[in-house]
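Visitor: Below you will find the structure I want to go over with you.
The values are calculated or read from the model by the stated rules, or taken from the named source; none is laboratory data. Remember, predicted model here, so these are calculated numbers, not experimental data. Glycine also receives a Cβ, built like all others from the backbone with ideal geometry; neighbour counts cover every protein chain displayed.
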Amino acid sequence: MHKIFLTFLLIGVASFAQESKEFNLYKKLYPNAKAVRLNQQTTVRIKLDAETINITQEFLEEDLYLDESANYSSKKALNFSSFFELDKVEASSFTYTDGKYKEVEVTDFKEKDEMDQSFYDDTKSLNFIFPNLQKGSKSVLKYSEIVKNPRFLSPFYFGDFSPIINNKVTIIVDKNINLSFKEFNTDTLNIAFNKEEKRNTVTYTWELKNMDEYDYETNAPTYKKILPHIVPIITSFKVKNTSNNLAKNVSDLYAWYYSLVKDINKEEVDENLVKLVEELTANKTTDLEKVKAIYYWTQKNIKYIAFEYALGGFIPRQANDVFKKKYGDCKDNSSILYKMLEIAGLKGDLTWIGTRSIPYNYNEVPTPLVDNHMILSYTNHGKTYFLDATGRYVPIDFPTSFIQGKEALIADGASNYVIKKVPIIPAEKNAVIDTTTVNLNGENLIGNSKVEISGYNKIDCFNYLENETTAEKIKAFYNGRLQKGNNKFLINSFSETNKFDYEKNLIVNYDFTINGYAKKLGDEIYLNLNLIKDLSSYKTEKDRKNDIEYKHTNAFNYTTTLIIPEGYAIDYVPENVSFSNDYLSSSITYTVKKDRIVYNHSYRLNFINLNLNEQSQVNSLIKKIEKAFNEVIILKKS
């Protein structure tokens, strides 16, 4: 017995010896964290040589791994491009054994192209693996980069999805360079800030210690809306006592953007492109009809492929080239749209815009960080249409969903521009209207339906259906998309109307069965006519910490008519209910007619983003509606 006890004691001591004091400290402080960042330091040096601003950035990242998932963090990639040039990279793993850390340096670095990043630059990555990472290990990464364009200073973040013990940012800048700093989500943080002026430089320092991790949550807005960060901006610089604006206001950003696009499409236009425009617009009687024809042709025929190099991330290709190749990125689509409208005698305007993944507006961040997309704007009788040909099946009066509510920077010549906000499409234009008639066969429900789908809901369906090439796959799609009652729902046959039409609603007629849906007890039948309870999916968790974001607003209307079986009479019908607030409205009604009961549930979701307070209000209403979902009608043998 004593030998066994001594053996277990020695094993326990040996196990404890493999864990450092700092591991035990941070494992206790952050028991649910997979890792902590012990040290994060960023040093930025900004110098003016003659009339050129030179910027170098140095980074230090030291991580401690707190559980067995450490190995999953072994792979690391550093992105770089013609705008951000990697200079020096040093990386090491540290494994704790025999009471001390043993260092293993990384020696194998591999470079590869990153083809999925399209708008700004020719992004590449330097890839490597931290060797032998395990629970209790540490990794240290040091690297530096040269920022080639002073408009591209990067934000620095004070939070992440892991705890950060020490976070320090230092910016050392020549006195003849002026900076401004835009803070986001930092109000509640105790960041220590210091500004020190010397003879020729100004040093700015921010430091924050012991920052808890942020929780990752589904459907949360972009991390830029959640994580605290500061955006540094070089507003101006002085050369020989002459001040030069760089990014002081939107006019500076627009002047640079315009300098990049002013010379496109100056060559003689391809005669085949002219002929195409003439054919597309031949029978159109209004300007708007001509724009529609050109816009829809571009969506259908110019394939979206994004590959950029250097300033190619900002300069559209010539319309002739895009027409010949039949592919391009967002700027190329805008270029050919611009030229095709011009051929038709119409005016479109190149437009810069940020998707909803970017939370900034143009006046607060007048740098290329504010946008990542280009479209074409067209104004007709005072209404502006935002034409994004990278979308598929998007009608002319809809923006693509991911730019709703965003500011658009619209070109208007060399020195003029307009900032307009893209509208959020109202719920009634994104409707799903389902009308169903059902009969009972024993406990089985047999029905036929007509569903009419519009707006972004229709566009989403078309994007799915475009890839479903067999009848079986299409039927499976509708079986999931249109499910009623329970998982025994089965579509037997269906037909489609207006499939892939840009402006008409998609209509699907189908018949279905739901076996065993009703319940017979003695001479009574119990039946829940709430066949679709998808509103419940909009209820969020009580402990959610962040906003929730949706692609678009929504409106739904479900009508189900039950034909009362022969020999039965209505014994009980639930009461009608109605609820509403600023974000959600819903009503459930039952109407009794001669030989049938007509059930209707309509609801509208008037939001694309909800903060925590708004989520609480929506949840409260959904709970009330869910009680009504549980109500059943009762039929009794007459």
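Visitor: Among the numbered conditions (1) farther than 30 Å from Lys262 by Cβ; (2) surrounded by 15 or more Cβ atoms within 10 Å (Cβ to Cβ); (3) under 27 Å from the mean Cα position of the chain (by Cα); (4) charged (D, E, K, R), tell me where Lys420 comes up short.
Guide: In the conditions (1) farther than 30 Å from Lys262 by Cβ; (2) surrounded by 15 or more Cβ atoms within 10 Å (Cβ to Cβ); (3) under 27 Å from the mean Cα position of the chain (by Cα); (4) charged (D, E, K, R), Lys420 misses (1) alone.
Visitor: Please go through the stretch 228-249 and pick out each residue that is aliphatic (A, V, I, L, M) and crowded, with 18+ Cβ neighbours inside 10 Å.
Guide: Start the filter on the stretch 228-249 by keeping residues that are aliphatic (A, V, I, L, M), which leaves 230-231, 233-234, 239, 246-247.
Residues satisfying the conditions are Ile230, Val231, Ile233, Ile234, Leu246, Ala247.
Visitor: A follow-up question, please. Out of all the residues in the stretch 525-549, which are surrounded by fewer than 15 Cβ atoms within 10 Å (Cβ to Cβ) and touching a Leu at 6+ places or on another chain (Cβ under 7 Å)?
Guide: Once the filter is applied, which keeps residues that are surrounded by fewer than 15 Cβ atoms within 10 Å (Cβ to Cβ) and touching a Leu at 6+ places or on another chain (Cβ under 7 Å), the stretch 525-549 yields nothing.
Visitor: Please go through the stretch 224-263 and give me each residue that is more than 24 Å from Tyr417 (Cβ to Cβ) and without any contact (Cβ under 8 Å) to a residue 60 or more places away in the chain, ordered by number.
Guide: Lys240, Asn241, Thr242
Visitor: For residues in the stretch 468-514 being aliphatic (A, V, I, L, M) and out of contact with any Lys or Arg (no Cβ under 8 Å at 6 or more places or on another chain), which is surrounded by the most Cβ atoms within 10 Å (Cβ to Cβ)?
Guide: Among residues in the stretch 468-514 that are aliphatic (A, V, I, L, M) and out of contact with any Lys or Arg (no Cβ under 8 Å at 6 or more places or on another chain), the one surrounded by the most Cβ atoms within 10 Å (Cβ to Cβ) is Leu482.
Visitor: If you don't mind, there's one more thing I want to ask. Say we look at the stretch 7-36 and pick out the residues that are at pLDDT below 90 and either outside any helix (DSSP H, G or I) or in contact with a His (Cβ under 7 Å, 6 or more places away or on another chain) (or both); which of these is surrounded by the most Cβ atoms within 10 Å (Cβ to Cβ)?
Guide: Step by step, filter the stretch 7-36, then rank; the result is Gln18.
Visitor: What pairs come up if the first residue lies in the stretch 558-582 and is closer than 20 Å to Ile433 by Cα, the second is in a loop (DSSP other than H, G, I, E, B) and of a type in the set (S, T, N, Q), and their beta carbons are under 9 Å apart, counting only those six or more places apart or on different chains?
Guide: Tyr558/Asn530; Thr560/Asn530
Visitor: With a cut-off of at least 2 residues that are within 31 Å of the chain's Cα centre (by Cα), closer than 30 Å to Pro31 by Cβ and not aliphatic (A, V, I, L, M), name the strands (runs of 3 or more DSSP E) lying wholly within the stretch 50-142. Reasoning before the result, please.
Guide: Numbers: elements: 52-65, 75-80, 84-97, 100-105, 110-113, 124-129.
Because the criterion is at least 2 residues that are within 31 Å of the chain's Cα centre (by Cα), closer than 30 Å to Pro31 by Cβ and not aliphatic (A, V, I, L, M), the strands (runs of 3 or more DSSP E) in the stretch 50-142 that meet it are 52-65, 75-80.
Visitor: Follow-up question, since we're still on this one. Give all pairs with beta carbons closer than 7 Å in which a residue from the stretch 183-205 that is over 17 Å from Pro155 (Cβ atoms) meets a residue that is in a loop (DSSP other than H, G, I, E, B); count only pairs at least 6 apart in sequence or on separate chains.
Guide: Asn200/Lys175; Thr201/Lys175; Val202/Lys175
Visitor: Please specify each residue of the stretch 146-160 satisfying the condition of being crowded, with 20+ Cβ neighbours inside 10 Å and assigned to a loop (DSSP other than H, G, I, E, B).
Guide: Result: Leu153, Phe158, Gly159.
Visitor: Looking only at residues in the stretch 263-279 that are out of contact with any helix residue (DSSP H, G or I) (no Cβ under 7 Å at 6 or more places or on another chain) and more than 20 Å from Trp297 (Cα to Cα), which one is modelled with the highest pLDDT? Steps first, answer last, please.
Guide: So in the stretch 263-279, the residues out of contact with any helix residue (DSSP H, G or I) (no Cβ under 7 Å at 6 or more places or on another chain) come out as 263, 266, 268, 271-272, 275-276, 278-279.
The next check asks that each one be more than 20 Å from Trp297 (Cα to Cα); those that pass are 263, 266, 268.
Working: Asp263: 90, Lys266: 90, Glu268: 93.
Out of the qualifying residues, it is Glu268.
Visitor: Quick check on the stretch 304-322: of everything there that is among the charged types (D, E, K, R) and in a loop (DSSP other than H, G, I, E, B), which residue is modelled with the lowest pLDDT? Talk me through it step by step, then tell me what you get.
Guide: Residues of the stretch 304-322 that are among the charged types (D, E, K, R), as a first pass: 308, 317, 321.
If we keep only those that are in a loop (DSSP other than H, G, I, E, B) as well, we get 308, 317.
Numbers: Glu308: 58, Arg317: 89.
Residue satisfying both the conditions and the ranking: Glu308.
Visitor: Can I ask one more? Just name the residue that is modelled with the lowest pLDDT out of those in the stretch 146-171 that are among the charged types (D, E, K, R) and more than 24 Å from Asp252 (Cβ to Cβ). Even if it seems obvious, please write down each step before you answer.
Guide: Of the residues in the stretch 146-171, the ones among the charged types (D, E, K, R) are 148, 151, 160, 168.
Now narrow it down to the ones that are more than 24 Å from Asp252 (Cβ to Cβ): 160, 168.
On the way: Asp160: 93, Lys168: 98.
Selected residue: Asp160.
Visitor: Here is a follow-up. Can you find, within the stretch 447-467, the residue that is farthest from His552 (Cα to Cα) among those that are surrounded by fewer than 17 Cβ atoms within 10 Å (Cβ to Cβ) and not hydroxyl-bearing (Ser, Thr, Tyr)?
Guide: Of the stretch 447-467, the ones surrounded by fewer than 17 Cβ atoms within 10 Å (Cβ to Cβ) are 448, 450, 463-464, 466-467.
Now drop any that are not not hydroxyl-bearing (Ser, Thr, Tyr), which leaves 448, 450, 463, 466-467.
Working: Asn448: 29, Lys450: 23, Asn463: 16, Glu466: 21, Asn467: 22 Å.
Per the stated criteria, the residue is Asn448.
Condition check ((1) surrounded by fewer than 12 Cβ atoms within 10 Å (Cβ to Cβ); (2) in contact with a Ser or Thr (Cβ under 7 Å, 6 or more places away or on another chain); (3) not assigned by TED's automatic domain parsing to the domain that holds Ile55) across all residues:
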| residue | (1), (2), (3) |
| --- | --- |
| Leu189 | no, no, no |
| Thr201 | no, no, no |
| Asp212 | no, no, no |
| Asn219 | no, no, no |
| Ile226 | no, no, no |
| Lys266 | yes, no, yes |
| Glu271 | yes, no, yes |
| Leu280 | no, no, yes |
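Visitor: May I ask you to list the residues in the stretch 461-474 that are over 21 Å from Leu531 (Cβ atoms) and touching a strand residue (DSSP E or B) at 6+ places or on another chain (Cβ under 9 Å)?
Guide: As a first pass, look at the stretch 461-474 and keep what is over 21 Å from Leu531 (Cβ atoms): 462-474.
Passing the criteria: Phe462, Leu465, Ile474.
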